[in-house]
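Inspection log for the structure reproduced underneath, given as structure tokens.
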Amino acid sequence: MRAQWSGVVKLCGLLLGVCAAASAGQNPDQTAQQSSGEAQTYKIAGTAVNGVTGVPLARVKVSVADTHARAKRIEAFTGEGGRFEFGGLPAGKYALQGTRSGYLVSAYQQHEQFSTAIVTGPEFETEKLVLRLMPMATIAGRAVDEAGEPVRSAQVRLYVEDHSAGMSRVVSTGGAVSDDRGYFDIGGLRPGTYFVSLNAKPWYAVHPSGKSSEQRVSPALDVAYPTTFYGGATEAEGAAPIELKGGELREIEIRLSPVPALRLVFRGPEEGPFQMPMLQKRVFDSVQPLQVTETRPVGPGVFELVGVPAGRYDLKTGSGESGGAQVVSEMNLTRDGQDLSEIKGEALGTLKVTVKMPGEEPLPEEYGVGLRDARQRIVAFQPGQASGEVTFQAVKAGKYGIVFASPRKRYAVERIATASGETAGHQEVDVAAGASVEVRTELVGGEVRIEGMAEKNGKPVTGVMVALVPNNPEANVDLFRRDQSDFDGTFTLAGVVPGMYTIVAVENAWGFEWLKAEVLARYVQHGRNVIIGEKMRGTLHLPDAVEVQER
């Protein structure tokens, strides 16, 4: 069962999930019916405990809600023994959730964005449940300089190793700013593997201009701090991981060491607007602008960029005359006084996408369009317009998948056509360097729900990952659907579009790279095949259970 999702703020989050691993919809209520006599009621009860120590927790706000009416929550607080109890419940499926200060909001058997629904009925034991709440973890640190003195106003960035998409990525997940004593802390964290980087400017740094009239400055003052990671590395691949457990307070120190600062020159037109060059640094799976530099005019149309620590960067430059930006991928800046205007990079393009809905369907009030690269990362995202047109500027040359996301209904890209109507690709469009490309994206709606049972040795299994795997999965990642089996072993895969699929159920599959082709293949060969025809609608009930496989 997957938690319900709505709102424009979460639209981009849904898009990232769709492109990386394609998530699933919520299971429907499967209320048991009484064949005769007065309707019987049931009880959901148990103990809320610390998810790390197993100690019962008092003052936990526990709630249950019918999975078809989540807004109608029933709430209660646990006593000293951590007990909770909800009586008088009709047969059905219920979402169980707990929250307490200092703990993450936790659903029953929660994994990633999925949880297990509690099923009430005469055949289910629902009065001895254990609701595990994960205590929040914190990283507390101190930024110090080469003399061991505090570095104030240092920009701290936090990254986490993310496996929720079935592939490992390291993504940005917030940050902090160091105080006057150099201290910082980042709380409210889940267990996981984290990395921390620091950006700051030496308080004593003086960056002279290249003009001959400039007073001479000691080289010891013309320095900068490179981006520095916990562990001392200045590039992401050398960063030391921080393995954080639930409820843990990890204290770290990051020491910054100065390096000679570079002075870079660039030229623009003497009159009229132009785009200043931008240095960007690749950090794990993201690109971030360098923000500790200073730009100065030194003559008509001539500027200096000072305070740049040597290192590897992407350089984006532009021209007011051409209006087109350029990019230099992964260049190593080491020479002081280098003229950036002499560097010839690859021109960036533009991509205009027009959305064509299935049949006569109107555009959703809220939707978004994203570009997915070859590593299944969302590299650009734009909220949708009422016109159905979305334009991406400064697109690097390459092949991109186009992904459509809406909070109310699932869609997939069926065909990409050029402005002339020619097929550009199934789900990919090729953008050449400096090109302006216009395509029409034709969508197909997910009209089918698949309901089934996960079993092992003839018995229902709760809490396992169930995945709907499309044929040719690497080219169709947005057709994946996932769910977690409920208390009775049932699952629902919602918003399924026409196609050929294999359904797999895997134990302990949360948090590992199941989307890798070589890993996925061994599960698919033992899965259950299913075909969704173009005219199929409604719910498909699988006649046989899906056998649960071991990880």
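The values are calculated or read from the model by the stated rules, or taken from the named source; none is laboratory data. Computed from a predicted structure; not experimentally measured. Cβ: placed from backbone, ideal geometry, glycine included. Neighbour counts: every protein chain shown.
Observations on the structure shown:
- Residues of the stretch 130-170 that are among the aliphatic types (A, V, I, L, M), within 31 Å of the chain's Cα centre (by Cα) and in a strand (DSSP E or B): Val130, Leu131, Leu133, Ala137, Ile139, Ala140, Ala143, Val156, Leu158, Val160, Val170.
- Residue ranges of strands (runs of 3 or more DSSP E) in the stretch 432-551 with at least 2 members within 22 Å of the chain's Cα centre (by Cα): 465-470, 481-484, 490-496
- Taking the criterion of being modelled with pLDDT under 90 and either assigned to a strand (DSSP E or B) or under 24 Å from the mean Cα position of the chain (by Cα) (or both), the residues of the stretch 417-431 that qualify are Ala417, Thr418, Thr423, Ala424, Gly425, Gln427, Glu428.
- The residue that is modelled with the highest pLDDT, counting only those in the stretch 151-193 that are among the polar types (S, T, N, Q) and touching a Lys or Arg at 6+ places or on another chain (Cβ under 8 Å), is Ser178.
- Leu290 vs. criteria farther than 24 Å from Gly238 by Cα and touching a Ser or Thr at 6+ places or on another chain (Cβ under 9 Å): no
- Only one of Gly370, Gly311, Gly324 that is farther than 30 Å from Pro208 by Cβ and either at pLDDT 85 or above or assigned by TED's automatic domain parsing to the domain that holds Ala517 (or both): Gly370
- Matching residues, the stretch 227-245, being of a type outside the set (S, T, N, Q), crowded, with 18+ Cβ neighbours inside 10 Å and at pLDDT 95 or above: Phe229, Tyr230, Ala239, Ile242, Leu244
- Among the residues of the stretch 337-394, those identified as in contact (Cβ under 8 Å) with a residue 40 or more places away in the chain, of a type in the set (A, V, I, L, M) and under 21 Å from Ala417 (Cβ atoms) are Leu351, Val353, Val355, Met357, Val369.
- Within the stretch 21-70, the residues that satisfy the criterion of being crowded, with 18+ Cβ neighbours inside 10 Å, assigned to a loop (DSSP other than H, G, I, E, B), at pLDDT 95 or above and not small (Gly, Ala, Ser) are Leu57, Val60.
- Within the stretch 244-261, considering residues that are in a strand (DSSP E or B) and touching a Gly at 6+ places or on another chain (Cβ under 8 Å), the one nearest to Pro219 (Cα to Cα): Ala261
- Residue that is farthest from Asp488 (Cα to Cα) [pool: residues in the stretch 518-551 that are touching a Pro at 6+ places or on another chain (Cβ under 7 Å) and exposed (fewer than 11 other Cβ atoms within 10 Å of the Cβ)]: Glu534
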